[in-house]
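The values are calculated or read from the model by the stated rules, or taken from the named source; none is laboratory data. Model, not experiment: these values are computed from the prediction. Cβ atoms come from the backbone with ideal geometry, glycine included; neighbour counts cover every protein chain shown.
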Amino acid sequence: MKGTRHSEEQIIAILKQGEVGLATADLCHQHGIAEPRQTYYRWKAKMRKLNRELRHWEKIYNTVRPHQSLGYLTPHQFLLQISSQRKE
């Protein structure tokens, strides 16, 4: 299997150009991608998967994970504590 000709930064830039509306065939031709189905669409699927994983991690970080800066409370517990103190 050959190594990649494009860096991660270049791949991200190419995918962003595709999101803006540049035709896939033109985009692939412009960047020297000979097999769009085997390269461009594989990159796109990988980025979708990474975005899903990032959103999942972000949700856990912002709701479930305790934070030292919040007195080892989860953000949800911290908000409940703050709102109960305001009511008093």
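Within segment 73-87, residues that are closer than 16 Å to Thr63 by Cα and without any contact (Cβ under 8 Å) to a residue 60 or more places away in the chain sit with their Cβ atoms under 9 Å from residues that are of a type in the set (Val, Ile, Thr) and assigned to a helix (DSSP H, G or I), at 6+ positions apart or across chains, in these pairs: Thr74/Thr63; Pro75/Thr63; His76/Thr63. Restricted to helices (runs of 4 or more DSSP H) entirely inside the chain, no element has at least 2 residues that are touching a strand residue (DSSP E or B) at 6+ places or on another chain (Cβ under 6 Å). Pairs linking a residue in segment 37-48 that is closer than 16 Å to Glu9 by Cα and touching a residue at least 24 places away in the same chain (Cβ under 8 Å) to a residue that is surrounded by 15 or more Cβ atoms within 10 Å (Cβ to Cβ) and hydrophobic (A, V, I, L, M, F, W, C), with Cβ atoms under 7 Å and 6 or more positions apart or on different chains, are Tyr40/Cys28; Tyr40/Ile33; Trp43/Ile11; Trp43/Leu15; Lys44/Leu15; Met47/Leu15. Based on what the data block shows, is Glu19 acidic (Asp, Glu), loosely packed, with under 11 Cβ neighbours inside 10 Å and within 15 Å of the chain's Cα centre (by Cα)? Answer is yes for this residue. Residue-level check: of (1) surrounded by 12 or more Cβ atoms within 10 Å (Cβ to Cβ); (2) modelled with pLDDT of 90 or more, Gln68 misses just (1).
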